Amino acid sequence: MQADAKKAELIPLLLLRGRTLLFKEYSKRALSEFSKDLRRRNFERIYIMDLDGLERNRPQLDIVQRLSDDFGILYEGGPRRGANIVDFIMAGAEVAYMNSASLESFDELEIALSYTENVGFKVDWDHGIIGEPFKDRALRDVVQDCAKLGIRDFVVPVEVISQLGSIRSVPNLVLRAIADRPGDENARDIDADSIIIDHELIKDGS
């Protein structure tokens, strides 16, 4: 299905900013209220970006587990190795993403796929793809190589998604744009299957 046949699905992003012994960002009550609000607004999926996993290799999988009862969870936890993906799926993630910035090597993607087909690829970007295995490579070429391995779910920054128009012919490919500016949720006619944006930036009725 081509993305221009209908507006892109809007997916709220939950950013887990970090947990310490003295600070717990989301209590059970807070998660219950958060879940209730998104269900009231008829959202079916959540994208979780877990900074504890990405920056400290200490993913908050208990949050994934609690929210997976109510939503399909797209989870970005920064696994360094392919085998780590199993923990994310077992916690309740519908799709678990390998990050370009976190991967130790391209081979880890193939290892992850040997455990589960529910592996996605998240492109970290700063004037080019971030991550040593992908240094100086074109975005389109990297995504095509991942697709050849069997990955079918990709998250890329909204500002560079136009570079990937040629890969839309890949069967069953899902292309998601991640955005971080107020108003990006209105740009839903771009060539993407979904737009991921911070839940605090999504207005009622979007």
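The values are calculated or read from the model by the stated rules, or taken from the named source; none is laboratory data. None of the values given here were measured: they were computed from a predicted structure. Cβ coordinates were reconstructed from backbone atoms using ideal geometry, including for glycine residues, and neighbour counts include every protein chain displayed.
Per-structure values
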read-out: Matching residues, region 148-162, being modelled with pLDDT under 95 and either among the acidic types (Asp, Glu) or touching a His at 6+ places or on another chain (Cβ under 8 Å) (or both); value: Glu159
read-out: Residue count, region 25-84 (criterion: closer than 24 Å to Glu9 by Cβ, free of Cβ contacts under 8 Å to residues at least 24 places away in the same chain and either in a loop (DSSP other than H, G, I, E, B) or of a type in the set (A, V, I, L, M) (or both)); value: 2
read-out: Region 49-64 - residue that is of a type outside the set (A, V, I, L, M) and touching a strand residue (DSSP E or B) at 6+ places or on another chain (Cβ under 7 Å) and, of those, nearest to Leu16 (Cα to Cα); value: Asp50
read-out: Near pairs, Cβ below 6 angstrom, 6+ apart or cross-chain, from region 114-139 (in contact (Cβ under 8 Å) with a residue 24 or more places away in the chain) to any residue that is among the aromatic types (Phe, Trp, Tyr); value: Gly120/Tyr97; Phe121/Phe154; Lys122/Tyr97; Pro133/Phe106
read-out: Unmet requirement for Arg56, which otherwise passes all of (1) over 18 Å from Ser27 (Cβ atoms); (2) surrounded by fewer than 24 Cβ atoms within 10 Å (Cβ to Cβ); (3) under 16 Å from the mean Cα position of the chain (by Cα); value: (3)
read-out: Filter result for Arg81 (of a type in the set (Lys, Arg) and farther than 20 Å from Ser194 by Cα); value: yes
read-out: Single residue of region 109-147 satisfying the filter (assigned to a loop (DSSP other than H, G, I, E, B) and of a type in the set (D, E, K, R)) that is modelled with the highest pLDDT; value: Glu117
read-out: Only one of Leu109, Leu149 that is without any contact (Cβ under 8 Å) to a residue 60 or more places away in the chain, touching a Leu at 6+ places or on another chain (Cβ under 6 Å) and closer than 14 Å to Arg80 by Cβ; value: Leu109
